[in-house]
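Worksheet: the structure to be examined is printed underneath.
The values are calculated or read from the model by the stated rules, or taken from the named source; none is laboratory data. Owing to the predicted nature of the structure, the values given are computational and were not obtained by experimental measurement. A quick note on method: Cβ atoms are made from the backbone with ideal geometry, for glycine too, and the neighbour counts reach across all protein chains shown. Quick note on the areas: whole protein, heavy atoms, side chains included, nothing else; ligands and nucleic acids left out. Shrake-Rupley method; radii C 1.70, N 1.55, O 1.52, S 1.80 Å.
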Amino acid sequence: MSRLVVVSNRCTVPRAGSAPGGLAVALNAALRESGGIWFGWDGSIADSTRRVPQRDDVDGIRYATVPLQKRDYEDYYKGYANRVLWPLFHYRIDAMQFQPEFREGYRRTNEYLARKLMHVLEDDDVIWVHDYHLIPLGHDLRSAGVDSRIGFFLHIPFPPFDVLRALPGYVHILWSFCAYDLIGFQSDNDLRNFIDCIERGTGAVVDDDGNISWGYRRSRAGAFPISIDPREVRDMVGNGRDVKTVRRLQQSLHGRPLVIGVDRLDYSKGLPDRFLAYERMLDRYPETVGDVVYLQVAQPSREDVPEYNALRLELEGIVGEINGRFAEFDWMPLRYLNKAYARPTIMNFLALARVGLVTPLRDGMNLVAKEYIAAQNPDDPGVLVLSEMTGAAQELDSVLRVNPHDHDGIADAILTALKMPLEERVERWQHAHAVITGNDIFNWSERFLRQLRATART
Ligand code: F6P
């Protein structure tokens, strides 16, 4: 079997013996099977960079990593990736901060990463590139003479044509995809948007099976909804680790039902609307005042990108306002935690919650939604309230789906979830759980790699 080379923007070399997260578990399995290697940015910023990548071998997985120079971090990572592509691909033209030097930094850094990756590649490798930071990487590798199979998977949404074309030079981005043999998206919706964009933006022709004819090259595109390892989640819930923390949370509820949200602090997650919807519930249904606790974990993210800092300040204002209006000396309606917790702790928090609140304005998939389902006690499961604008909602049709802009609708859904009888909770949960076990993270990577390996070599 040809060796697999995984390429992602961030490539954090784990400490030996530490537990990898969901995506790493699936990719590690595939890497081990093929004797492969994971390549990417090590997360550091350095004045000068080494000629060849740093090699590490941890728990049987090989890593090759490189630092970024300050200018590349600013223009490529903070600039083009996170202030241009991230908002645009989440349908937020208004939040896009396009600057020509960001675009130049994106081009320059992808070329730099391709040059470094060339030190690692062998002839017959199968290369799997991940996410929006690296769209041009395939083209840069082809220009350097790589004729291996190269696949690309986009973890975030792909926007409709009228949104994409707000990006100066969008046609160039679209043409970059033609270097890939297989292009994967989270959902049929993203796939349809992509096909429409390349047909209208480049004149490429796509048949009903997703085969793309770019004129001189052929690719294939498909939907590959990413997932989790539900057994890993159940193990974390059942293993008794963090028992003290979880017990403290439980005791602090004094028998009140828990509503939980767990997100990176990101404007795509819809947190201001979510908080206002919860406030609407307290306003409209006075019986809930004093009788429910909403815990929101908002893990700090991209803190040196200005839009993220502005969001943090906005959220602090809304939380202060809600708690100021409704709190009592012995009850706080909204516990807002702007910090990160270890994965097992989060899984145990999810398991305790009667309602999982996942209401992004736009999300490629949203794995917390799936983790919430996997963490539940099958005999007494909680209810997931899930935004229709997530990839997860296209799969999980038995959960309570809401419009994340509709405060009344979310308020009603939380109340419905709180009051839902056991029998209905179990029935809805069983359907959702079957979807997740039917397509877990291992199915996802196997399906993508099987199709990539089956494509004809260019
Ligand atoms: O969901 C997209 C993504 O880029 C993930 O790959 C990553 O784990 C997460 O967002 C956090 O992003 P960053 O690497 O910018 O901290």
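Condition test on Arg200, is it more than 30 Å from Asp123 (Cβ to Cβ), more than 16 Å from the ligand (Cβ to nearest atom) and among the basic types (Lys, Arg)? Step through it out loud before you land on a result.
Values: more than 30 Å from Asp123 (Cβ to Cβ): yes; more than 16 Å from the ligand (Cβ to nearest atom): yes; among the basic types (Lys, Arg): yes.
So Arg200 fits the description; yes.
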What number of residues within the stretch 134-162 are open to solvent by 20 Å² or more (accessible area, probe 1.4 Å) and either assigned to a helix (DSSP H, G or I) or not assigned by TED's automatic domain parsing to the domain that holds Ile198 (or both)?
-> 5
Looking only at the stretch 169-202, which residues are open to solvent by 50 Å² or more (accessible area, probe 1.4 Å), over 29 Å from Leu396 (Cβ atoms) and not hydrophobic (A, V, I, L, M, F, W, C)?
-> His172, Glu199, Arg200
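Looking at Asp42, Asp56, Asp47 in this structure, which one is away from the ligand (no atom under 16 Å from the Cβ), of a type in the set (Asp, Glu) and surrounded by 13 or more Cβ atoms within 10 Å (Cβ to Cβ)?
Working: Asp42 fails: away from the ligand (no atom under 16 Å from the Cβ); Asp47 fails: surrounded by 13 or more Cβ atoms within 10 Å (Cβ to Cβ).
That would be Asp56, the only listed residue that is away from the ligand (no atom under 16 Å from the Cβ), of a type in the set (Asp, Glu) and surrounded by 13 or more Cβ atoms within 10 Å (Cβ to Cβ).
With the requirement that a residue be more than 10 Å from the ligand (Cβ to nearest atom) and part of a helix (DSSP H, G or I), what does the stretch 69-84 give you? Steps first, answer last, please.
Of the residues in the stretch 69-84, the ones more than 10 Å from the ligand (Cβ to nearest atom) are 69-76, 79-80, 83-84.
Correct list: Lys70, Arg71, Asp72, Tyr73, Glu74, Asp75, Tyr76, Gly79, Tyr80, Arg83, Val84.
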Tally the residues that are surrounded by 12 or more Cβ atoms within 10 Å (Cβ to Cβ) and within 29 Å of His254 (Cα to Cα), restricting the search to the stretch 280-316.
-> 21
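Report, by residue number, each residue of the stretch 23-39 that is within 16 Å of the ligand (Cβ to nearest atom) and open to solvent by less than 20 Å² (accessible area, probe 1.4 Å). Steps first, answer last, please.
Going residue by residue through the stretch 23-39, those that are within 16 Å of the ligand (Cβ to nearest atom) are 23-28, 38-39.
Those that are within 16 Å of the ligand (Cβ to nearest atom) and open to solvent by less than 20 Å² (accessible area, probe 1.4 Å): Ala26, Leu27, Asn28, Phe39.
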Selection from the stretch 284-320 of residues in contact (Cβ under 8 Å) with a residue 40 or more places away in the chain, more than 15 Å from Leu418 (Cα to Cα) and more than 24 Å from the chain's Cα centre (by Cα) yields Ile318, Val319
Of (1) more than 30 Å from Met1 (Cα to Cα); (2) more than 16 Å from the ligand (Cβ to nearest atom); (3) buried (at least 17 other Cβ atoms within 10 Å of the Cβ), Glu104 satisfies every one except (3)
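Got at least one residue in the stretch 57-65 being without any contact (Cβ under 8 Å) to a residue 24 or more places away in the chain, over 20 Å from Ile135 (Cβ atoms), out of contact with any helix residue (DSSP H, G or I) (no Cβ under 7 Å at 6 or more places or on another chain) and assigned by TED's automatic domain parsing to the domain that holds Arg15? Show your work before the answer.
Pass one, the stretch 57-65, residues without any contact (Cβ under 8 Å) to a residue 24 or more places away in the chain: 57.
Still in the list and also over 20 Å from Ile135 (Cβ atoms): 57.
So of that shortlist, the ones also out of contact with any helix residue (DSSP H, G or I) (no Cβ under 7 Å at 6 or more places or on another chain) come out as 57.
Adding the requirement that they be assigned by TED's automatic domain parsing to the domain that holds Arg15 leaves 57.
Checked against the condition, which is being without any contact (Cβ under 8 Å) to a residue 24 or more places away in the chain, over 20 Å from Ile135 (Cβ atoms), out of contact with any helix residue (DSSP H, G or I) (no Cβ under 7 Å at 6 or more places or on another chain) and assigned by TED's automatic domain parsing to the domain that holds Arg15, the stretch 57-65 yields at least one hit.
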Within the stretch 1-18, track down each residue that is within 16 Å of the ligand (Cβ to nearest atom) and either surrounded by fewer than 16 Cβ atoms within 10 Å (Cβ to Cβ) or in a strand (DSSP E or B) (or both).
-> Val6, Val7, Ser8, Asn9, Arg10
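Just checking, which of Arg312, Arg264, Arg274, Arg302 is among the basic types (Lys, Arg) and away from the ligand (no atom under 16 Å from the Cβ)? Let's see the steps before the verdict.
Working: Arg312 fails: away from the ligand (no atom under 16 Å from the Cβ); Arg264 fails: away from the ligand (no atom under 16 Å from the Cβ); Arg302 fails: away from the ligand (no atom under 16 Å from the Cβ).
Matching residue, one of Arg312, Arg264, Arg274, Arg302: Arg274.
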Before we move on, is Gly138 free of Cβ contacts under 8 Å to residues at least 12 places away in the same chain and either within 25 Å of the chain's Cα centre (by Cα) or more than 16 Å from the ligand (Cβ to nearest atom) (or both)?
-> no
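Within the group Ala374, Ala342, which residue is among the small types (Gly, Ala, Ser), closer than 22 Å to Arg302 by Cα and out of contact with any strand residue (DSSP E or B) (no Cβ under 6 Å at 6 or more places or on another chain)?
Values: Ala374 fails: closer than 22 Å to Arg302 by Cα.
Exactly one of Ala374, Ala342 is among the small types (Gly, Ala, Ser), closer than 22 Å to Arg302 by Cα and out of contact with any strand residue (DSSP E or B) (no Cβ under 6 Å at 6 or more places or on another chain), namely Ala342.
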Residue that is nearest to the ligand (Cβ to nearest atom) [pool: residues in the stretch 123-133 that are modelled with pLDDT of 95 or more and not in a strand (DSSP E or B)] | Asp131
